[in-house]
Ligand code: CA
């Protein structure tokens, strides 16, 4: 999952970033509303976290600009100004959820998980596909009751596959969802991760579609 964090409070960013990464998100961060508007229009994010008070723009204007361009990713607004009028303004500008500062990162993570589930049309709870079950809290996969731990990259990859079962996902799409911007990413390392995942969940579970990418099929 790839998320955009637009926040100018560096202390908060320093606190949140490792938590988000540990929870398996590839995160792009900017303190600028203008950069954030541009990024949100260019990139395919699964979710954006948007601070309302930014040095060069109002967060709500960033949100309105995305929605005017037809960008549909869920947007969770962060603000220190927790008034009901602002919440209404935020929702009518197209926000999906709202969190007032200060907050616990656990609450942010839980809300993010719920928004992303909803976006993929899934019910809350653990992510299941046939005999595969992904535990997002422990980052382990259960296959026929057998528990396998996953590395951070394997977890990111498998979660994205499980949110898109039966769909062919290109190498670029997968790389985009598992790496932070600027990280060393190439398709050879992706192949290594896929090979390791196959060892854990079964060789046939992830099929290679030559020239197109990979596809997770329901493991029997
Ligand atoms: Ca701010």
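Tell me the residue from 53, 36 that is within 15 Å of the ligand (Cβ to nearest atom) and at pLDDT below 95, please.
Numbers: 36 fails: at pLDDT below 95.
53 is the lone residue from the list that is within 15 Å of the ligand (Cβ to nearest atom) and at pLDDT below 95.
Assess whether residue 213 counts as being at positive phi and either without any contact (Cβ under 8 Å) to a residue 60 or more places away in the chain or surrounded by fewer than 16 Cβ atoms within 10 Å (Cβ to Cβ) (or both). Spell out the reasoning first.
Values: at positive phi: yes; either without any contact (Cβ under 8 Å) to a residue 60 or more places away in the chain or surrounded by fewer than 16 Cβ atoms within 10 Å (Cβ to Cβ) (or both): yes.
The answer is yes for residue 213.
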(1) surrounded by fewer than 19 Cβ atoms within 10 Å (Cβ to Cβ); (2) under 29 Å from residue 155 (Cα atoms); (3) touching a residue at least 24 places away in the same chain (Cβ under 8 Å); (4) more than 11 Å from the ligand (Cβ to nearest atom): which one isn't true of residue 4, the others all being true? (1)
Kindly indicate whether residue 76 is within 14 Å of the ligand (Cβ to nearest atom) and more than 21 Å from residue 152 (Cβ to Cβ). no
Check on residue 19, under 19 Å from the mean Cα position of the chain (by Cα), part of a helix (DSSP H, G or I), away from the ligand (no atom under 16 Å from the Cβ) and under 20 Å from residue 99 (Cα atoms): yes
Does at least one position in region 56-64 carry a residue that is surrounded by 22 or more Cβ atoms within 10 Å (Cβ to Cβ), closer than 23 Å to residue 119 by Cα and within 19 Å of the chain's Cα centre (by Cα)? yes
In this structure, is residue 101 farther than 14 Å from residue 1 by Cβ, surrounded by 12 or more Cβ atoms within 10 Å (Cβ to Cβ) and in contact with a helix residue (DSSP H, G or I) (Cβ under 9 Å, 6 or more places away or on another chain)? yes
Looking at residue 186 and the list (1) surrounded by fewer than 15 Cβ atoms within 10 Å (Cβ to Cβ); (2) farther than 24 Å from residue 4 by Cα; (3) free of Cβ contacts under 8 Å to residues at least 12 places away in the same chain, which single condition is not satisfied? (2)
Scanning region 22-53 residue by residue, the ones that are surrounded by fewer than 21 Cβ atoms within 10 Å (Cβ to Cβ), more than 17 Å from the chain's Cα centre (by Cα) and part of a strand (DSSP E or B) total 1
For residue 12, indicate whether it is at pLDDT below 95 and either within 11 Å of the ligand (Cβ to nearest atom) or part of a helix (DSSP H, G or I) (or both). no
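Does residue 201 count as in contact with a strand residue (DSSP E or B) (Cβ under 9 Å, 6 or more places away or on another chain), touching a residue at least 60 places away in the same chain (Cβ under 8 Å) and within 20 Å of residue 218 (Cα to Cα)? Outline the logic, then answer.
Numbers: in contact with a strand residue (DSSP E or B) (Cβ under 9 Å, 6 or more places away or on another chain): yes; touching a residue at least 60 places away in the same chain (Cβ under 8 Å): yes; within 20 Å of residue 218 (Cα to Cα): yes.
The answer is yes for residue 201.
The values are calculated or read from the model by the stated rules, or taken from the named source; none is laboratory data. Predicted model, so just to flag it, every value in this text is computed and none were measured. When we count neighbours, we look across all protein chains shown, and the Cβ atoms used for this are built from the backbone with ideal geometry, even at glycine.
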